[in-house]
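What follows is a short report on a single structure.
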Amino acid sequence: QVQLAESGGGLVQAGGSLRLSCSASGRTFSRSTMGWFRQAPGKEREFVAAISWLRGTTSYADSVKGRCTISRDNAKNTVYLKMNSLKPEDTAVYYCAAGYATTPTIGEAAYNYWGQGTQVTVSS
């Protein structure tokens, strides 16, 4: 079992930055592939970024590529999502997820554990 807790969300102006954190406890974090997903009002949840445990390989959605960086600190059992040049369309609840895949998988089905989410609101 893995418990995940996101933090770092908030209200930011367009063009600003935020760093989301996800603290994990339970099963060995260092062997979990971690992902970030988001869900905007009235829309389905979508993939944002992922980082594998095996080689630290990363994957990004086209919509955030070049603006977001996912990283992990296995010593702190924490994964981060640094978001720059934020846009109003980035407004969503951001979820952290953990899974057993060895690659930074984009599909939700690959993730077994989910956090409660943290709200990110970008004002224009």
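The values are calculated or read from the model by the stated rules, or taken from the named source; none is laboratory data. None of these values were measured; they are calculated from a predicted model. Counting neighbours? That spans all protein chains shown, and the Cβs are built from the backbone with ideal geometry, glycine included. The area values use the complete protein model at the heavy-atom level, side chains included, leaving out ligands, DNA and RNA. Shrake-Rupley method; radii C 1.70, N 1.55, O 1.52, S 1.80 Å.
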Residue ID - nearest to Val2 (Cα to Cα), chosen from residues in segment 16-61 that are assigned to a loop (DSSP other than H, G, I, E, B) and open to solvent by less than 30 Å² (accessible area, probe 1.4 Å):
Ser32
Among the numbered conditions (1) touching a Cys at 6+ places or on another chain (Cβ under 6 Å); (2) closer than 17 Å to Thr121 by Cα, tell me where Cys22 comes up short.
(2)
Hey, does segment 104-117 have a residue that's out of contact with any Asp or Glu (no Cβ under 7 Å at 6 or more places or on another chain), of a type in the set (A, V, I, L, M) and closer than 24 Å to Gly16 by Cα?
no
Filtering segment 73-107 for residues that are at pLDDT below 95 and either open to solvent by 40 Å² or more (accessible area, probe 1.4 Å) or not in a strand (DSSP E or B) (or both) leaves a count of 13
Condition first: under 11 Å from the mean Cα position of the chain (by Cα) and touching a residue at least 60 places away in the same chain (Cβ under 8 Å). Can you find one or more residues in segment 50-69 that meet it?
no
